[in-house]
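Engineer: Take a look at this one; I'll ask things after.
The values are calculated or read from the model by the stated rules, or taken from the named source; none is laboratory data. Bear in mind that the values here come from a model prediction, so they are computed numbers and not experimental data. All Cβ positions, even for glycine, are placed from backbone atoms using ideal geometry, and neighbour counts span all protein chains on display.
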Amino acid sequence: MTSQRSNALAERLEQGARELAAFASNLSDVQWHMAVPKDGRTVGVIVDHVANMYPIEIQVAQSIAKGDPVVGVTWAAVDEINAAHAKDFAQVTQAEALERLKANSTAAAAAIRALSADELDRAAGFSLNSDAPMSCQFVLEDHAVRHSFHHLAVIRRALQQ
């Protein structure tokens, strides 16, 4: 049975993914291939990056939901994942990225809806945040739910320059 909170979180994740997809689907080929200042990745790679990270972000939240600490996740490791993704998906098409965004956000929302209120409240150490005990809900809000909104704002700013 889905809790109201897990459903609300899933809906916010879906909203962010929809907004990113709607914006990205209207980009020209030139805009899709534009490098984002300070980041260096193209707009297309960043859209695909959001889709690529959903399964990882959900896995981390599910570990916390079980009360298992998340170890070995560092900003250096995140940077490595992002750099490898950017290299491997440098030529990602709009259609491919948008399809992956839809599929992975749908799966992420379903996983969030499967979490109980007790699981959302459960906290465990999270190495990305100095092993501080973080609740599952906070990890979801700070990562999977926020991710598309964050990158959409970055992309919008980059395209306005």
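Engineer: From the list ALA123, ALA144, ALA110, which one is at pLDDT 95 or above, exposed (fewer than 15 other Cβ atoms within 10 Å of the Cβ) and not acidic (Asp, Glu)?
Structural biologist: Just one listed residue meets the conditions, ALA110.
Engineer: Would you be able to tell me the number of residues in segment 11-39 that are more than 15 Å from VAL50 (Cα to Cα) and of a type in the set (Val, Ile, Thr)?
Structural biologist: Adding up the residues that qualify gives 1.
Engineer: Here is a list of conditions, (1) surrounded by 14 or more Cβ atoms within 10 Å (Cβ to Cβ); (2) touching a Lys or Arg at 6+ places or on another chain (Cβ under 8 Å), and VAL60 meets all of them except one; can you say which number that is?
Structural biologist: The failed condition is (2).
Engineer: If you don't mind, another one. Tell me, please, whether a residue that is within 22 Å of GLU19 (Cα to Cα), assigned to a helix (DSSP H, G or I), touching a residue at least 24 places away in the same chain (Cβ under 8 Å) and not hydrophobic (A, V, I, L, M, F, W, C) can be found in segment 63-77.
Structural biologist: The answer is no; no qualifying residue exists.
Engineer: Regarding SER105, is this residue out of contact with any Pro (no Cβ under 7 Å at 6 or more places or on another chain), over 22 Å from ALA153 (Cα atoms) and of a type in the set (Ser, Thr, Tyr)?
Structural biologist: The answer is no for SER105.
Engineer: Scan segment 116-159 residue by residue and report those that are part of a helix (DSSP H, G or I), among the polar types (S, T, N, Q) and in contact with a Lys or Arg (Cβ under 8 Å, 6 or more places away or on another chain).
Structural biologist: Hit for segment 116-159 is GLN137, nothing else.
Engineer: For segment 100-141, give me each residue that is farther than 21 Å from ARG41 by Cβ, within 14 Å of the chain's Cα centre (by Cα) and of a type in the set (D, E, K, R).
Structural biologist: GLU141
Engineer: Still on this structure, please answer the following. Go through segment 30-53 and give me each residue that's buried (at least 19 other Cβ atoms within 10 Å of the Cβ) and in contact with a Ser or Thr (Cβ under 6 Å, 6 or more places away or on another chain).
Structural biologist: VAL50
Engineer: Under the condition of being of a type in the set (Asp, Glu) and over 16 Å from the mean Cα position of the chain (by Cα), which residue from segment 33-79 is modelled with the highest pLDDT?
Structural biologist: Checking each candidate, the answer is ASP68.
Engineer: Right, another one. Can ALA10 be described as in contact (Cβ under 8 Å) with a residue 24 or more places away in the chain, more than 27 Å from LEU120 (Cα to Cα) and surrounded by 23 or more Cβ atoms within 10 Å (Cβ to Cβ)?
Structural biologist: Here the answer is no, as ALA10 does not meet what is asked.
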